[in-house]
Amino acid sequence: MAAPVYPAWVTRWVSGQWRNKRRPPALRPPRPLALADKVANRREQSTEATCITEMSVMMACWKQNDFNDAPCAEEIRMFHDCVAKAEKERKNQNEDTLSSRGNLPSSKVNKLLRRFPQITRYV
């Protein structure tokens with residue numbers, strides 16, 4: 001069985017030879033290639049609840065002792081220690097401006113864009 005015979009223009013079109021004789025199309029962006037003045041405010045990573053077990057132990061102790069603080073002093077102290085430790089970790093995490101993926105939060109990006117605005121005209 002013989003192979004089909006195609007016209008010459010079909011073989012040129014399939015092989016891409018017709019493109020060599022034409023200039024490539026000029027790419028014109030629809031908008032100027034510049035950064036925007038601000039980015040959308042995105043919610044930071046959702047924070048998970050901390051110290052839930054300490055709080056539930058403290059509330060169970062209160063319920064057993066008719067909401068009297070004196071017998072539950074140890075549970076209250078453990079809860080306050082946990083909250084202080086979580087607050088310290090949160091502040092240390094906020095000082096580190098990069099997130100775990102290496103991205104800046106939107107508030108910091110907007111601050112930088114205000115500090116270094118785009119040049120819209122040439123001097």
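General remarks:
- Some residue of region 14-29 being assigned to a loop (DSSP other than H, G, I, E, B), open to solvent by less than 100 Å² (accessible area, probe 1.4 Å), modelled with pLDDT of 75 or more and out of contact with any helix residue (DSSP H, G or I) (no Cβ under 9 Å at 6 or more places or on another chain): yes
- Of the listed requirements (1) surrounded by 11 or more Cβ atoms within 10 Å (Cβ to Cβ); (2) modelled with pLDDT under 85; (3) aliphatic (A, V, I, L, M), residue 58 misses just one: (2).
- Selection status of residue 101, out of contact with any Gly (no Cβ under 6 Å at 6 or more places or on another chain), exposed (fewer than 12 other Cβ atoms within 10 Å of the Cβ), at pLDDT below 75 and not in a helix (DSSP H, G or I): yes
- Subset of region 61-83 (residues that are open to solvent by less than 100 Å² (accessible area, probe 1.4 Å) and assigned to a loop (DSSP other than H, G, I, E, B)): 65, 68, 69
- Residues that are over 29 Å from residue 86 (Cβ atoms) and either open to solvent by 100 Å² or more (accessible area, probe 1.4 Å) or at pLDDT below 75 (or both), drawn from region 30-50: 30, 31, 32, 33, 35, 37, 38
The values are calculated or read from the model by the stated rules, or taken from the named source; none is laboratory data. None of these values were measured; they are calculated from a predicted model. When we count neighbours, we look across all protein chains shown, and the Cβ atoms used for this are built from the backbone with ideal geometry, even at glycine. Areas reflect the complete protein model, heavy atoms only, side chains present, ligands, DNA and RNA absent. Shrake-Rupley method; radii C 1.70, N 1.55, O 1.52, S 1.80 Å.
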